[in-house]
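To start, the structure under review is shown below, and the notes come after it.
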Amino acid sequence: MNQTAETYFTDGCGRCAKGGTPACKVNTWAAELAALRALVLEAGLTEECKWGVPCYTFEKGNVVLIHSFKEYCALLFIKGALLKDAKGILIQQTENVQGGRQLRFTDVREITKLKSTIKAYLQEAIAVEKAGLKVNMKPTSEFAMPAEFQSALDQSAKLKTAFFALTPGRQRAYLLHFASAKQSKTREARIEKCTPIILSGKGLLD
C-alpha cells in the first residue's frame with residue numbers, strides 16, 4: 001500500500017497492480033486531484049498519508065481525505081455528517097456509512113465553480129475538529145453479520161477471538177466489506193482473503 005501523500009498523486013493507493021501505470025485512477029483525475037489538493041493545503045491542513053490516500057489533519061485529527069474512484073474523485077469529510085451542508089451537496093456513500101460524507105467531482109470546472117463553497121466546507125470541518133465534536137456511531141452489534149462470516153467465526157475460535165479483539169471501527173469495516181458483496185461466493189472469497197489479516201490483529205485498511 002502507498003505510504004506517502006506525494007506518491008499517491010503519481011502512483012495511486014497501491015492496492016492493485018494498476019498503481020504507477022496509465023490505467024491507475026489517479027491519472028484519470030490528475031487535474032481534479034491537483035485542484036482539490038491546492039484548496040485543502042490552502043486551508044492550512046497538514047498533509048499526511050493514511051489508508052494509502054492523502055489525509056489532511058488539524059492537530060493530528062483527521063479532517064478530510066482525497067481519493068479517486070473509477071467514475072469520480074472526491075473529498076471525503078471524515079465528520080461530514082456534522083456539517084450543515086447548506087448547499088445540500090454532500091453524499092453519503094451507503095446507508096451504513098455513519099460519519100463520512102463526500103463531495104464528488106468529474107471535471108475540474110466543477111471544482112472551479114464550487115471553489116468558494118469547498119473552502120467554506122473545509123473551514124467548517126476544521127471548526128468541527130477544533131470543537132472536538134464526535135459523530136454518534138451506531139454500535140457494532142447493530143450491523144448485520146453476514147451468515148458466511150458468522151459460520152467462519154463459529155468454526156474458528158481463534159478467528160472469533162481475533163475479530164472481537166479489534167476496535168469497533170475495524171470490526172465495522174470488515175462487516176461492511178463482507179456484506180457489500182451481492183453473491184455468497186464473493187462474500188466467502190472476501191472472508192477467506194481477510195482471515196489472515198484479522199488473525200494478525202489488523203484492520204481492513206491498515
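Quick check for me: using +1 on Lys/Arg Cβ and -1 on Asp/Glu Cβ, what's the dipole size of the chain about its Cα centre, in debye to the nearest 20?
Details: 29 positive and 20 negative charges, 55 e Å.
About 260 debye.
Extending each Cα 7 Å along its Cβ direction at Lys158 and Lys84, get the distance between those two points in nm, one decimal.
Once both label points are built, they end up 5.5 nm from each other.
Determine, from the Cβ-Cβ distance of Thr112 and Ala165 and an R0 of 30 Å, the FRET efficiency 1/(1 + (r/R0)^6), rounded to the nearest 0.05.
Working: r = 47 Å, r/R0 = 1.58.
The formula returns an efficiency of 0.05 here.
Just add up the charged neighbours of Glu124: K/R +1, D/E -1, any other residue whose Cβ is under 12 Å from the Cβ of Glu124. Could the numbers behind the result be given before it?
Numbers: positive: Lys79, Lys84, Lys87, Arg101, Lys119, Lys130; negative: Asp85, Glu129.
Local net charge: +4.
How high is the relative contact order of the stretch 122-206, given as a whole-number percent (alpha carbon pairs under 8 Å, six or more residues apart)? Don't skip to the answer; put the middle values down first.
Working: 59 pairs, mean separation 27.3, N = 85.
It rounds to 32 percent for the stretch 122-206.
How much accessible surface does Ser141 have with a 1.4 Å probe, in Å² rounded to 10?
Looks like 110 Å² after rounding.
Excluding ligands, DNA and RNA, what is the solvent-accessible area per residue of the chain at a probe of 1.4 Å, expressed in Å²? Before the final figure, lay out the partial values.
Working: 11440 Å² over 206 residues.
On a per-residue basis, the chain sits at 56 Å².
With each label point set 7 Å from Cα along the Cα-Cβ vector, what nm distance links Asp206 and Ile91?
Taking the simple label geometry, Asp206 and Ile91 are separated by 3.1 nm.
Just to verify a number: FRET efficiency for Gln150 and Thr57, C-beta to C-beta distance, R0 = 41 Å, to 0.05?
On the way: r = 36 Å, r/R0 = 0.89.
So the FRET efficiency works out to roughly 0.65.
I'd like the distance separating the alpha-carbon centroids of the stretch 101-139 and the stretch 10-32, in whole Å.
24 Å
From the Cα trace of the chain, what convex hull volume per residue do you get, rounded to a whole Å³?
That works out to 130 Å³ per residue.
Per the 1.4 Å probe, what fraction of the accessible area of the stretch 1-95, in percent, lies on carbon and sulfur atoms? The partial results should precede the final answer.
Working: 2550 of 4880 Å².
About 52 percent, which is the carbon plus sulfur part of the accessible surface.
In percent, how large is the relative contact order of the stretch 24-138, given Cα pairs closer than 8 Å and 6 or more residues apart?
Numbers: 165 pairs, mean separation 29.3, N = 115.
This gives 26 percent for the stretch 24-138.
Over the chain, what is the relative contact order in percent, taking alpha-carbon pairs closer than 8 angstrom and at least six residues apart?
Values: 283 pairs, mean separation 29.9, N = 206.
Once normalised by length, the contact order is 15 percent.
How much solvent-accessible surface does Glu6 expose, in Å² to the nearest 10, with a 1.4 Å probe and all protein chains in place?
We get 110 Å² for Glu6.
At what distance in nm do the modelled label points of Thr186 and Lys138 sit from each other, each positioned 7 Å from its Cα along Cα→Cβ?
Reported label-point gap for Thr186 and Lys138 is 2.0 nm.
Across the stretch 37-90, how many lysine pairs, 8 or more positions apart or on different chains, have C-alpha atoms separated by under 17 Å? Please give the number. Intermediate values should be presented prior to the final figure.
Numbers: Lys50/Lys60; Lys50/Lys79; Lys60/Lys79; Lys79/Lys87.
For the stretch 37-90, the number of qualifying lysine pairs is 4.
The values are calculated or read from the model by the stated rules, or taken from the named source; none is laboratory data. These figures come from a predicted structure and were not determined experimentally. All Cβ positions, even for glycine, are placed from backbone atoms using ideal geometry, and neighbour counts span all protein chains on display. The protein model used for the area step is the full one, side chains on, heavy atoms only, and it has no ligands, DNA or RNA in it. Shrake-Rupley method; radii C 1.70, N 1.55, O 1.52, S 1.80 Å.
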